[in-house]
Every structure is written in structure tokens, then in C-alpha cells.
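The values are calculated or read from the model by the stated rules, or taken from the named source; none is laboratory data. Bear in mind that the values here come from a model prediction, so they are computed numbers and not experimental data. Positions of Cβ are generated from backbone atoms using ideal geometry, with glycine treated the same way; all protein chains shown enter the neighbour counts.
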């Protein structure tokens, strides 16, 4: 497979560990090992103390799969495949798609959600949201893009990078469109559980539709990106077995320490998610007045969920603005060109505790 460089990941590889302030990260303030161990129940802590560093079960630790299943309404433990998050995308696209298939994917987005399909030889239609409508994805537009060779619809809600979240009836309509044509639906749900208003939370697509595959993990809502633990869920038994078989050619199995630490976190999920949402809300309370002070320079659509947003720079080029901020203030923003954005946007991240310091340096740079 020949595949284009992952622009976002190459950008972070170059800059992420060379600047003091990351104002573009998509994860929440990472938990320390000590903090996580302090949340562990007796069983998971005992597993940690007695842990053997050998191979793990290829489908995932049974206790981990059982804890993951509790996040869903209808998914059973045996319908959970533990993977590295990026691996889940790669496996699913390679299992489902062939050259010549047509894929519709929300855009802008995490590059692998459409790039892997393109590398396979698929035709990809990009589904762009309407910024003036609060980054709304038009479901009627989607219906008219279905072709005879359409195989897969790819969605990402809450959305990276805009923080948009559709209404329940819009997700239901997306599923109806897929069901009418017998299409698969791949749903990237990495930011699920980080809705600012819990009443906005969407059901997992894998709970709602037999031919949906949902991706989630420990990186965002659980502030444990370093574990590299994610999962795929689907009620399609045949597809599940095919996904599990393909995994034999990627990671084979997960890290033994990471699986036990993930069990601890999932059993303390209410406390961890509440902690992360508190950081997010505090930071948003600073971002709203900042953008209100600078309406001549930025266009701001407040997100509904997650740790990131996608403001627009109204004067100058976003890439140059971000480079200047990085060089003069040591603050890293993510220019929209890493998303192939043509609208002069940039991504900000507000899930970390030092965001107020980064924002202060941004304000100084603007002035």
C-alpha cells in the first residue's frame, strides 16, 4: 500500500516536544500513574501487582472487554475488539473496502479516516459542514451523494476538529440512509462522553445499527493517551471475526500493563470524566471572552463537545500566524492546512490545565 504522509502527525512529530505550550492538543490533561493507581479498586490493583509481562489475549483482556461493554446499551463483551485507536481505523478500512468502492467521509477530519480508503483505491467524497450553521452536517446532502458503488459512510461525532455535535434525529437519518442501501457505517466516537451538556450525548452507532462499527478509546475522555488502548464495537458477528483475524497482521495483542490500567480507569470513569469536563469548562470560560474581544481577527464557533475547536483567522494566513506564535511565544497551534482546510482555520485544544498560560501568550502575540 502506498499512502500519503499523515500531515497532522508529521506536524506534531516536528513541534510537539519542542515548545513549552501546547494549545492544540486533542487529549485531556494526562493522568499520572500515581493518580490512576489511587483510583483502582481492589481487584484491578491486585491484577497490577501480580501482572506478568507476557502476551495478552488477542481480542483483549476479558475484564477489559466487559468494562468497555458497560459504556454501551446493547453491545456485549464478545462484541468488543481491543485495538490501538489508529489500528482500528486501518483494520476496518482494509477489511471492508476494495479498489473502486465509494466512501463518504465527514471532512475536515482525522486523516486516516479517508486517507486509508484512498490508498486502497477507493473514491472518497468529502462531507463538509456549514460553518455559519454552527458546523452543521447537512444530512439531505448526504442522501444525494449515495452511488451504486457506495460501500461505506464514515462519521466522527463529536467532530474533530470543530467540536460539532449533530442532533439525535440527524444521526438517526444517517443510519436510515445507510440501512436503506445496506451500507456499512464507521463511527469515530473518540470524543464521546465529553459533551458539555449530557443531554446532547448521542447513542453509539454500534448500539443503533447492526452494520455500524464504532471506534472509541482511552485517549480523550479518559486522559490516558499513553496507554494506546482503543476498541472497535459491532454487532455484525461475521465482520467482527474478520476484523479480529486481520489484527493478527498488525499488533496481534495489546500491552499487558496498558490493559490493566485501562480496567482501573473504566471502573473509575465517572470521576475521571468529571475531572476532565471541569478542566474543559474552566478553559472555555476563558476562551469565550477572548474571542469576543477579538472579533475583528477571529471567527469563533463554540464547540458542543470535546477538547478542540476550529476558529478562523480573518486577517493574514493561518499557517504564518501559527508559525509566528510558535517562534515568538512558544505556543503551538495547529494550522488548518494539516487538515487540507481551505478556509484559513486553525485548531485549538483546551483540555489541559496550562491552557490559561498559553492563552495569555496568544493574547500578547495578538496585541
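So, in segment 150-169, how many residues would count as being farther than 20 Å from residue 210 by Cα and in contact (Cβ under 8 Å) with a residue 40 or more places away in the chain?
Within segment 150-169, residues that are farther than 20 Å from residue 210 by Cα and in contact (Cβ under 8 Å) with a residue 40 or more places away in the chain number 8.
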Self-check item: Test result for residue 277, crowded, with 18+ Cβ neighbours inside 10 Å and closer than 23 Å to residue 357 by Cα
Solution: yes
Quiz item: In this structure, is residue 204 in contact (Cβ under 8 Å) with a residue 12 or more places away in the chain, farther than 23 Å from residue 349 by Cα and either surrounded by 20 or more Cβ atoms within 10 Å (Cβ to Cβ) or in contact with a strand residue (DSSP E or B) (Cβ under 6 Å, 6 or more places away or on another chain) (or both)?
Solution: yes
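Restricting segment 138-148 to residues that are surrounded by 12 or more Cβ atoms within 10 Å (Cβ to Cβ) and not in a helix (DSSP H, G or I), which is nearest to the chain's Cα centre (by Cα)? Give the derivation first.
Step one: of segment 138-148, the residues surrounded by 12 or more Cβ atoms within 10 Å (Cβ to Cβ) are 138-139, 141-143, 145-147.
Filter again for not in a helix (DSSP H, G or I), leaving 138, 145-147.
On the way: 138: 21, 145: 24, 146: 25, 147: 27 Å.
The residue in question is 138.
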Exercise. Return a yes/no flag: does segment 342-358 have any residue that is within 23 Å of residue 115 (Cβ to Cβ), part of a loop (DSSP other than H, G, I, E, B), in contact (Cβ under 8 Å) with a residue 40 or more places away in the chain and touching a strand residue (DSSP E or B) at 6+ places or on another chain (Cβ under 9 Å).
Key: yes
Exercise. Looking for whichever is in contact with a strand residue (DSSP E or B) (Cβ under 6 Å, 6 or more places away or on another chain) and assigned by TED's automatic domain parsing to the domain that holds residue 172 here; the options are 73, 117, 66. Which one fits?
Key: 117
Quiz item: Can residue 53 be described as surrounded by fewer than 12 Cβ atoms within 10 Å (Cβ to Cβ) and in contact with a helix residue (DSSP H, G or I) (Cβ under 6 Å, 6 or more places away or on another chain)?
Solution: yes
Quiz item: Are any of the residues in segment 240-263 within 22 Å of residue 105 (Cα to Cα), modelled with pLDDT of 95 or more and buried (at least 16 other Cβ atoms within 10 Å of the Cβ)?
Solution: yes
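Could you list, in sequence order, the residues of segment 165-190 that are part of a helix (DSSP H, G or I) and farther than 17 Å from residue 149 by Cβ?
Answer for segment 165-190, where residues must be part of a helix (DSSP H, G or I) and farther than 17 Å from residue 149 by Cβ: 168, 169, 170, 171, 172, 173, 174, 175, 176, 179.
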Quiz prompt | Subset of segment 4-26 (residues that are modelled with pLDDT of 95 or more, out of contact with any strand residue (DSSP E or B) (no Cβ under 6 Å at 6 or more places or on another chain) and surrounded by 13 or more Cβ atoms within 10 Å (Cβ to Cβ)) | solution = 6, 7, 8, 9, 11, 12
Exercise. Provide a single number: the residues in segment 311-335 that are part of a loop (DSSP other than H, G, I, E, B) and out of contact with any helix residue (DSSP H, G or I) (no Cβ under 8 Å at 6 or more places or on another chain).
Key: 4
Self-check item: In segment 191-212, the residues that are in a helix (DSSP H, G or I) and closer than 19 Å to residue 88 by Cβ
Solution: 205, 206, 207, 208
Quiz item: Mind checking which residues of segment 269-292 are over 21 Å from the mean Cα position of the chain (by Cα) and either touching a residue at least 40 places away in the same chain (Cβ under 8 Å) or outside any helix (DSSP H, G or I) (or both)?
Solution: 286, 287, 290
Quiz item: If you go through segment 85-97 one residue at a time, do you hit one that is assigned to a strand (DSSP E or B) and surrounded by 19 or more Cβ atoms within 10 Å (Cβ to Cβ)?
Solution: no
